[in-house]
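See below for the structure under consideration.
The values are calculated or read from the model by the stated rules, or taken from the named source; none is laboratory data. As the structure is a prediction and not an experimental result, all values here were calculated from the model. When we count neighbours, we look across all protein chains shown, and the Cβ atoms used for this are built from the backbone with ideal geometry, even at glycine.
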Amino acid sequence: MLGQVYRLQLTSFTSFLHRVTGVFLAVGILALVGWLAAAATSAQAFDQAQAIAASIIGRIALFLWTGAFFYHLLNGLRHLAWDAGWGFELPTAYRTGWTVMIGSVVLTLVAWALGYWARGNL
Amino acid sequence: MASAKGSLRSDLGRVRGLGSAKEGVQHWWMQRVTALALIPLSLWFVACIVFLIDVDRATALQWLGSPVTLGLMSLFLVALVYHAVLGLQVVVEDYIHSHAAKITLLLLIQFSGIALAVAGIVAMLMITIYGG
């Protein structure tokens, strides 16, 4: 099988994850526009949108979108650095790769902690 | 292929310093332009959502209805949709090999993108002008 001949590398994995998070974030545009349309339409429509966002599935989706956002943002900065000609050396590419992975997890948790803290739930 | 000398950059890429000079440049360039625009815009958006996701409608309309929010949200929507359409296009071109399916998907993505951006901005204008 593939696993026996091909060892997953951090560099290809971060590239793959950039695409996956990008596609997932693009789906989020539907949710954002739906939310704005609901706010513009009526109180009932907005309450319905808020109920979906507050549900377990809504919260999981929002959490994954937050994670995808921070990952895509940080790895996007890594790509822009590459475009500028910086960071191609393998040790640097690995160091920035790990920074992106760990950084996106930390920022996601900080954003959610901040949200709960602002509402007095933390 | 990656260079043998411990770098991700290809030998050809290093020698030429530049890629194709055909239409791909515009796609590549606009992906970077929208990416740069999205750094501050998306951080602004996420910061707002963290504090405003569960507010009641009156508070949401007050925030969404301000001219500053209208301007920033419109910029965000346009940059976001543009960036997403360019990114999805690359994914489709890489993985969909049937020509008919590829063209159909690309058209669907582009039309949906424009429709979503317009819908979002119309919703924002409705809120700003009529108060929702």
Filter the stretch A:63-82 down to residues that are crowded, with 18+ Cβ neighbours inside 10 Å and aliphatic (A, V, I, L, M), then give me how many there are.
3
State yes or no: is A:Phe63 of a type in the set (Phe, Trp, Tyr), at negative phi, within 7 Å of chain B (Cβ to nearest Cβ) and in a helix (DSSP H, G or I)?
no
How many residues, within the stretch B:77-118, are crowded, with 17+ Cβ neighbours inside 10 Å and either small (Gly, Ala, Ser) or modelled with pLDDT under 95 (or both)?
6
State all residues of the stretch A:82-122 that are within 14 Å of A:Ser15 (Cβ to Cβ), hydrophobic (A, V, I, L, M, F, W, C) and assigned to a helix (DSSP H, G or I); if no residue qualifies, say none.
A:Trp82, A:Ala93, A:Val100, A:Met101
Does B:Ala117 count as closer than 30 Å to A:Gly115 by Cβ, without any contact (Cβ under 8 Å) to a residue 40 or more places away in the chain and in contact with a helix residue (DSSP H, G or I) (Cβ under 6 Å, 6 or more places away or on another chain)?
no
Filter the stretch A:17-42 down to residues that are touching a residue at least 12 places away in the same chain (Cβ under 8 Å) and at the interface with another protein chain (Cβ under 8 Å from one of its Cβ atoms), then give me how many there are.
2
Residue that is away from every other protein chain (no Cβ under 11 Å), among the hydrophobic types (A, V, I, L, M, F, W, C), surrounded by fewer than 20 Cβ atoms within 10 Å (Cβ to Cβ) and more than 13 Å from the chain's Cα centre (by Cα), where the choices are A:Val5, A:Val105
A:Val5
Here's a check for you: in the stretch B:56-68, which residue that is part of a helix (DSSP H, G or I) and touching a residue at least 40 places away in the same chain (Cβ under 8 Å) is farthest from the other protein chains (Cβ to nearest Cβ)?
B:Pro67
